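Below is one structure, written out as structure tokens; the observations come after it.
The values are calculated or read from the model by the stated rules, or taken from the named source; none is laboratory data. Just so we're clear, the structure is a prediction, and the values are computed from it rather than from any experiment. In this analysis, Cβ positions are derived from the backbone assuming ideal geometry, glycine residues included, and neighbour counts consider all displayed protein chains.
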């Protein structure tokens with residue numbers, strides 16, 4: 001998949017200059033994977049494994065120490081409006097209204113468009129995220145969830161080839177987070193957007209992603225496994241836990257986070273995919289030799305990496 005994929009990451013490594021004696025260990029190394037056009041991929045791993053750095057490299061905001069990133073068969077060598085980014089913070093300009101924040105991005109993308117066309121295009125994406133009627137409000141007048149919706153609308157409005165999401169819902173309460181997850185699923189289904197997303201929430205990854213990349217612990221982190229989500233794409237937060245596949249996938253992810261990721265870091269795991277120079281294996285929980293799934297409770301539906309950190 002990697003060589004012909006829409007987004008191809010090949011042998012990516014990142015090392016920051018050391019401050020003490022000796023060379024610093026790479027944050028991550030030998031990271032290789034591919035993302036198909038229209039695919040939604042989440043990446044999960046403990047703090048310090050380099051998830052945000054990988055996203056910044058894909059966005060062209062940071063340079064890798066080694067390796068390559070190709071999107072649509074062109075090497076990524078800096079920022080581009082072909083890649084829309086939504087950060088953990090909303091990153092809105094506080095002196096501009098909702099409409100003006102989005103119109104600013106749209107004008108940057110299409111500088112020859114008339115003001116009327118820019119406004120019409122911007123309003124369409126404001127409505128798409130459920131903020132029609134809030135066009136004239138400044139960020140200070142918006143709730144946290146509304147600000148994140150504006151950030152998502154701005155990213156979609158420039159119609160990027162790929163959307164990069166750096167844990168954009170992490171600071172939101174559970175109810176607001178769920179509503180925006182539903183909005184994101186709906187928009188991605190209608191636009192066939194390609195998405196790479198960082199999350200610390202196991203259930204969020206299962207709900208949103210077609211595949212889930214599991215990072216081993218840093219330093220020298222790498223993609224240890226790629227988990228295929230076998231649940232139908234039309235999944236919803238209200239019904240997802242009724243599908244027996246949900247528990248197989250969820251237990252596989254949690255087991256990796258609390259147990260196998262640590263063993264890989266310590267070099268005591270026999271998991272071949274974690275060894276340097278070898279591509280991560282793709283697995284289907286429940287079908288690739290996993291132990292039988294335990295009956296997890298739906299009440300545990302907000303398990304995150306912070307809660308399961310060793």
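General remarks:
- Helices (runs of 4 or more DSSP H) wholly inside the stretch 34-128 containing at least 3 residues that are free of Cβ contacts under 8 Å to residues at least 60 places away in the same chain and out of contact with any strand residue (DSSP E or B) (no Cβ under 7 Å at 6 or more places or on another chain): 98-109, 115-128
- Residue in the stretch 165-172 that is more than 26 Å from residue 120 (Cβ to Cβ), surrounded by fewer than 24 Cβ atoms within 10 Å (Cβ to Cβ) and modelled with pLDDT of 90 or more present: yes
Here's the yes/no breakdown for (1) on the phi > 0 side of the Ramachandran plot; (2) within 24 Å of the chain's Cα centre (by Cα); (3) surrounded by 14 or more Cβ atoms within 10 Å (Cβ to Cβ):
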| site | (1), (2), (3) |
| --- | --- |
| 113 | no, no, yes |
| 117 | no, no, no |
| 121 | no, no, yes |
| 125 | no, yes, yes |
| 136 | no, no, no |
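- Selection within the stretch 205-227: residues that are without any contact (Cβ under 8 Å) to a residue 60 or more places away in the chain and out of contact with any strand residue (DSSP E or B) (no Cβ under 6 Å at 6 or more places or on another chain). The member of this set that is farthest from residue 178 (Cα to Cα) is 206.
- Breaking point among (1) within 16 Å of residue 90 (Cα to Cα); (2) modelled with pLDDT under 90; (3) touching a strand residue (DSSP E or B) at 6+ places or on another chain (Cβ under 8 Å); (4) outside any loop (DSSP other than H, G, I, E, B), for residue 155: (2)
- From the options 89, 84, 60, residue that is at pLDDT below 90, closer than 28 Å to residue 126 by Cα and surrounded by 13 or more Cβ atoms within 10 Å (Cβ to Cβ): 89
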